[in-house]
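Accompanying notes for the structure given below.
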Amino acid sequence: MPRGLTTEDPPQPSATGPSRAIVSLRASPRFRFLWVSNIFFFGGTWIQTLILGWLVFETTDSELLLAIFTAVRLTPMLLGPIAGVLSDRYDRVRLLTGACLLALGTVVALATLTSLGMAPYWVVLLGGLIIGLAHSPSQPARSSLVAELVGPENLSNANALNSMAMSLPQVVGPAIGGALISALGASWALWISTLWYVVSLLMLLPLRGSGRAAAVAHDGVLAMLTGGVRSILRNRLAATVLGITVVANILLWPIYQSFMPVFAKSTLGLDAAGLGWLLTCNGVGGLVGSIVIAAMGDFRFKGGVFVFGTALWGGLWSLFALSANVPLSFALLAGIGVASSFFGVLQTTLLLLTTEPAVQGRALGIQELAIGVMPIAALGLGAIAEVAGIGATTFVSALLLVAVMLVVAVRVPLLLRFSGTRAVRS
């Protein structure tokens, strides 16, 4: 029986009003340490993404080489299934500690070489790949550890707070990185950015003894991978959630990640500062959405909220694609940020609630692979946009996502009813 469907879970601590939004932080001191660690880990990642991207373009003056750097940095997401096996097989806290040390050592090396004027393009490219290896493959262990530390009753709240831990650095990290480059230069900016990983590492130390492997590691990595994939795909609810993740990362996420400058400049007539404010609106919306989900606690019908929230996300994108009005576009992108939280937070929550603890790492690893299709999808959407225009491409993609969610609502009604709560075990 999936973890979220048991009746022996510990009761959720009573919380009302604003305190409900932080119930996981109040109830689990170890989750507090992990949450702070995540804030600084993702903060370091966002800052270094900006610094290294700037460094690449400054030294090469090539959009193509910058695009290659971005693609190489994201490539480790394709290793998600293997990372999921490692998460189920080994101590998760040790995996996160190793990832943090790897990222820290890499940034120290890049800062040293940059300070000495010995950081050609291939060195920065290699550094980006290693930082990507520290970031993406650690995600299954990170999310699985959340489930272990808080239990199913507080899982929606904890995942929403975890989303906030990623959203906050996304809002302020690039601004901090840009300010450091302007004030001190890229090499000093890299040196200072290492402090984020130091704090993240220190916050993991009290978690030693948590995160032990959920699976009995009698089988090899390949056997665990194939067995886990078979088990997950036979689970109709988990397979449906993963399918929605794939579709969303083909149809809409590439547009936000790759083509917002086109909307800003060509459709709305904004400059770089306007683009920054446009993205900030989305980040603030995502933060608000995460707070809303956190405040809802262990609410009913999580599956239905996920399905219709994702459909709303697509609907708002279709309206944004048609808008040429700047204030309306800012408001729509803030709404898109709110709706994207219902997709982003609940996809992870539902995967953890509908799968056995022994395969949760592998489920999240497959999710990471599903997200990894985004760079490839961006190339296809870009080719279509060259012919049809980015507005028409986005409009059709958004409506396709809405259509897919309506089909899911009709064909998989069990997902709409799924609550995974103590009160109603759907």
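Here are a few things to note about the model shown:
- Computed over the Cα atoms of region 60-194, the ratio of the radius of gyration to the Kirkwood radius (Rg/Rh) comes to 1.02.
- Max mean-square fluctuation residue, GNM over the chain, Cα-Cα springs under 10 Å, options 111, 385, 363: 385
- Apportionment of accessible area to carbon and sulfur, region 318-365, percent (1.4 Å): 75
- Long-range HN-HN contacts of residue 355 with modeled amide H, under 5 Å: 3, 4
- Contact order normalised by residue count of region 71-138, Cα under 8 Å, 6+ apart, percent: 62
- Within the shell of other residues whose beta carbon sits under 14 angstrom from the beta carbon of residue 234, the net charge comes to +2, with Lys and Arg scored +1 and Asp and Glu -1.
- Structure remark: mean-square fluctuation, Gaussian network model of the chain, C-alpha springs under 10 Å; the largest value among 182, 138, 193 belongs to 182.
- Rg to Rh quotient for the chain, alpha carbon positions, Kirkwood Rh: 0.95
- Percentage relative contact order, the chain, counting C-alpha pairs under 8 Å, at least six apart: 29
- Under-5 Å amide H pairs with residue 418, H placed in peptide plane, nonlocal only: 303, 304
- Ranking 37, 274, 394 by how far each Cα lies toward the positive end of the dipole of the chain (charges on Cβ) leaves 37 at the top.
- Prolate is the label for region 331-426. Its Cα gyration tensor axes, ordered a ≥ b ≥ c, give a/c of at least 1.5 and a/b above b/c.
- Taking every C-alpha pair closer than 8 Å and separated by at least 6 residues, the mean separation divided by the residue count of region 263-388 gives a relative contact order of 30 percent.
- When 176, 131 are compared by accessible area at a 1.4 angstrom probe, the order from most to least is 176, 131.
- Surface accessible to a 1.4 Å probe, residue 199 within the full protein complex, Å²: 50
- GNM flexibility winner over the chain from 109, 370, 388 (Cα, springs under 10 Å): 388
- Accessible surface of residue 256 - all protein chains present, 1.4 Å probe, nearest 10 Å²: 30
- Computed over protein heavy atoms with a 1.4 Å probe, the accessible surface of the chain works out to 41 Å² per residue.
- J(HN,Hα) series, region 386-397, from Karplus relation 6.51 cos²θ - 1.76 cosθ + 1.60, nearest Hz, glycine and proline x: 4, 8, 9, x, 5, x, 5, 4, 5, 4, 5, 4
- Here the Karplus curve 6.51 cos²θ - 1.76 cosθ + 1.60, taken at θ = phi - 60°, turns the phi angles of region 249-256 into couplings of 7, 8, 8, 10, 4, x, 5, 5 Hz, with x standing for Gly and Pro.
- Carbon/sulfur fraction of accessible area - region 92-213, other protein chains in place, 1.4 Å, %: 72
- Projecting label points 7 angstrom from Cα along Cα→Cβ for residue 319 and residue 266 puts them 2.4 nm apart.
- Only helices enter this figure: runs of n ≥ 4 DSSP H residues, each worth -39500 (n - 2.57), summed and divided by the residues of the chain, yield -26000 deg cm²/dmol at 222 nm to the nearest 500.
- Net length available on complete extension from residue 205 to residue 383 is 59.4 nm, with 0.36 nm assigned per residue and the Cα-Cα distance removed.
- Efficiency of FRET between residue 403 and residue 192 - r from beta-carbon atoms, R0 51 angstrom, step 0.05: 0.60
- Between residue 75 and residue 328, the modelled label-to-label distance comes to 4.4 nm, taking each label 7 Å out from Cα in the direction of the beta carbon.
- Working from label points 7 Å from Cα in the Cα-to-Cβ sense, the residue 68 to residue 115 distance is 2.9 nm.
The values are calculated or read from the model by the stated rules, or taken from the named source; none is laboratory data. Here the structure is a predicted model, which is why all the values come from computation and not from measurement. Reconstructed Cβ throughout: ideal geometry from the backbone, glycine too, with neighbour counts over all protein chains shown. Ligands, DNA and RNA are stripped out before the accessible areas are found, and what is left, the full protein with its side chains, is counted by its heavy atoms. Shrake-Rupley method; radii C 1.70, N 1.55, O 1.52, S 1.80 Å.
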